[in-house]
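Bear in mind that the values in this text are calculations on the coordinates, not laboratory data. This structure is a prediction, so every number in the text was calculated from the model and none was measured. Don't worry about glycine lacking a Cβ; one is built from the backbone with ideal geometry, like all the others, and counts go over all protein chains shown.
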């Protein structure tokens, strides 16, 4: 089966940098028009120009997925511009660390859950229900190996990503058979947010492949799940983690 995305419309949150940017550009190369969403409009516009240089249409939208109303506005902007969404990628996330468990503030806890779980839930429901009413589509959530290997210093983050795994299965059931809902659980990728651990050689050598991931290595799995190549795959969480055991 082909990973061709010609004449498809994709919406990628957190699409202006890191893994999100890689997926945006890969979808455009595969033939899709792309809605690029993140908090900073200028960053979205920069990536949108890259998409247009590949011969595809792009819509940059500033949106904070942790805010309920921003997801509503983002979905409406996408449908107003393109008339449909065929592929939704809930990539936006954040993993700030607190000084300690007891010093995890309520505001920080809420912020982590809002961005990593509440936002993807709201946007998936808004888009997924319209996909069901239309020609169907594919939803890809981004989780984390922190959902499988929870650590004391990432309790809110790991919990929110575990919720994404559960949501993936639940929404696959809710939107079947017209919409496939799957999840990618990345391990340690060398993006601009990896500064805390990127020099940790012990951690790197503990991985099955004994190296950290390059951002472009997310693309193969993303294209697979976005396209007809995965036409009989739904409700699955695929770990792309270099062997994080």
Expressed to one decimal in nm², the mean projection of the alpha carbon convex hull of the range 44-148 is 8.4
Which of 224, 157 has the fewest other C-beta atoms within 10 Å, and how do the rest follow up to the most?
224, 157
The chain: angle of helix 68-82 to the longest principal axis, Cα-based, in degrees nearest 10
30
Out of 141, 91, 200, any idea which swings most in a Gaussian network model of the chain, alpha carbons joined below 10 Å?
200
Helix 41-53: inclination vs the chain longest Cα principal axis, degrees, rounded to 10, gives 50
According to the Kirkwood expression over distinct Cα-Cα pairs, how big is the hydrodynamic radius of the chain, in Å?
17.9
Indicate the gyration tensor shape class of the range 169-210 (rounded, prolate or oblate), computed on the Cα atoms with a ≥ b ≥ c the square roots of the eigenvalues: a/c under 1.5 is rounded; otherwise a/b larger than b/c is prolate and the rest oblate.
prolate
For the range 5-57, restrict the atom set to alpha-carbon positions and state the Rg and Dmax in Å.
9.5, 28
Helix-only CD estimate at 222 nm, as mean residue ellipticity for the chain, using -39500 (n - 2.57) per DSSP H run (n ≥ 4)
-12500 deg cm²/dmol
If one takes the longest principal axis of the Cα atoms in the chain, at what angle in degrees, from 0 to 90 and to the nearest 10, does the Cα axis of helix 155-175 lie?
30
